[in-house]
Each structure stands twice: as C-alpha cells, then as structure tokens.
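Right, one structure below, let's go through it.
The numbers here are math on the coordinates, done by the rules we state, and not lab data. Only a predicted model underlies this, so the values are computations on that prediction, with no experimental measurement involved. In this analysis, Cβ positions are derived from the backbone assuming ideal geometry, glycine residues included, and neighbour counts consider all displayed protein chains.
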Amino acid sequence: MSVRAAPKEGRRFCRSVHSPFTIHYSLLPTRRAPRAAALTLIELIVVMAIMTILASAIIVSLMGGMRHAQIKGTEAFFETLKAQLNQYHDIHRMYMPEAPNSNPSKWTTLGLWQGLEHEGKFAAKKDFVEKVEEDNGENISSTFTDPVTGEKVQRYRYVDAWRNPVQYTCDPPFTRFELRSRGRDLEMDNDDDIIVTD
C-alpha cells in the first residue's frame, strides 16, 4: 500500500479512498482569517494632524538652536578679534585705525583684516571672512597694493554669522574700539546688536 505525503500544517484535507490499497488526499478550500480593519478617513486625518504638529515643533526647536549658535559664534569671533587688537595695542600703544573714508556698515574692517591677517599672523575662520568685490559706486577696489612687495593683494572683510559686514569703530586718538554686529534681526543699532569693546 502506498501513502502520499502528509498534509501541510494549517490546511484542511479530505481523505478519499479509491482502492483498498491507495489513499489519496485532496486539498479543500480553507476559510481565510478575517482581515484587519483599515484606518478610516477621520483616523488618517487625525494622524496627519499629529505628525504636522510634531514636525512644526521640531522645526521651531532647530531654528531656535541655530539662532543661538549664530549668536554664540559671533560673540566668540568678536572675543578673538578683541584679543588680537589688544596684542596690536601692546606693540603699537594704540588700537588699529578703521579704514579711512569707509561706509560704517560695509567697509570698516578692510584695514582690520589687512593689519591682522595680511601683515600679521592671525587667521579668522572662513565663516567670518568675505572676499571684497569691486564697488565702483563707493570707490572700493577689490585689491590693494602691498607696500613691501608692490604686488596686488585680494581684499577681504569680516562678517558675522549672518554674513553681514561687521562694523569696526576706532576714532583718534585710537585708545578705544568697538566691534558691532547687526544681530539676529539684521538691523543695526537695535537691542539685539552684538557689541564688544576694549
């Protein structure tokens, strides 16, 4: 007598006998398990609303953290410049003059960069340095002539974490200076300006 393979687990089989020596198994259709109910439209809307609220909260938190980092980064950069200016003062008995005939909001750090980085050994982070482009309207050249070598040198200026020009003020007799950033509102002479003095 021959017997076919045993039925697989989880299926129902019916045994039919066609001869006294052979047993056959035939697969019968089984009842499927009921499917889980799908989300309704209202449930989907509620889920989407919760996800939107969570995403908004995360974005606001990230923006607040970025703004705080920009403020702290600018303050740290100003303290670094202050230390460099104090070293300059120790050597020359005066602070470095601001660039002559400069627009206070745009070009006051041209001489500061030239004195500290081109003629000195200081190197600011790239985030706080910007290449000067030609400005014929304000008679600003993108280069200057090195007084020692006579070569043309690219000009740079200092900017804050928002990429706005830093204002540097140092009037005669050059015993006091001020570094000022527009701050997060990007407007000068407001309460949120970042200011460092001697």
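Determine, from the Cβ-Cβ distance of VAL129 and ARG176 and an R0 of 25 Å, the FRET efficiency 1/(1 + (r/R0)^6), rounded to the nearest 0.05. That gives a FRET efficiency of 0.55.
Calculate the dipole size of region 152-198 relative to its Cα centre from +1 charges on Lys and Arg beta carbons and -1 charges on Asp and Glu beta carbons; express the result in debye to the nearest 20. Write out the running numbers ahead of the final one.
Numbers: 8 positive and 10 negative charges, 107 e Å.
That gives region 152-198 a dipole magnitude of about 520 debye.
Measure up LYS72/LYS125; LYS72/LYS126; LYS82/LYS131; LYS82/LYS121; LYS126/LYS152; LYS82/LYS125 against 18 Å on the Cα-Cα distance and list the ones that go over. As for pairs spanning more than 18 Å Cα to Cα, those are LYS82/LYS131; LYS126/LYS152.
Each of ARG155, ARG93 was scored by other Cβ atoms within 10 Å of its Cβ. Arranged with the fewest first, they read ARG93, ARG155.
In what sequence do LEU62, LEU41, LEU116 fall when counting other Cβ within 10 Å, fewest first? Walk me through the numbers before you get to the answer.
Details: LEU62 10, LEU41 7, LEU116 22.
Fewest-to-most ranking of LEU62, LEU41, LEU116: LEU41, LEU62, LEU116.
For the pair ILE50 and ASP193, a Förster radius of 35 Å applied to the C-beta separation gives a FRET efficiency near 0.30, rounded to the nearest 0.05. The 3J(HN,Hα) values that the Karplus relation (6.51, -1.76, 1.60; θ = phi - 60°) gives for region 120-129 are, in residue order, x, 10, 6, 9, 6, 5, 4, 5, 10, 10 Hz. Gly and Pro appear as x. Ordered by the count of other Cβ atoms within 10 Å of each Cβ, fewest first, MET51, MET188 give MET51, MET188. Between the residues LEU110, ALA99, GLN84, the greatest Cα displacement towards the positive end of the dipole of region 72-198, with unit charges on the Cβ of Lys, Arg, Asp and Glu, is found for GLN84. A cut-off under 14 angstrom between Cβ atoms defines the neighbours of ARG176, and their net charge, with Lys, Arg +1 and Asp, Glu -1, is -1. Here region 64-197 is treated with +1 on each Lys and Arg Cβ and -1 on each Asp and Glu Cβ, and its dipole about the Cα centre works out to around 380 debye.
Subtract the Cα-Cα distance of LYS152 and LYS121 from 0.36 nm times their separation in residues, and report this length gain in nm to one decimal.
Difference between extended and current length: 9.3 nm.
Whole-Hz Karplus values for region 43-56 come out as 5, 4, 5, 5, 4, 5, 5, 5, 5, 5, 5, 5, 4, 4 Hz, taken residue by residue from phi with 6.51 cos²θ - 1.76 cosθ + 1.60 and θ = phi - 60°; glycine and proline positions read x. Per residue, the average separation of C-alpha pairs within less than 8 Å and at least 6 apart gives region 64-197 a relative contact order of 26 percent.
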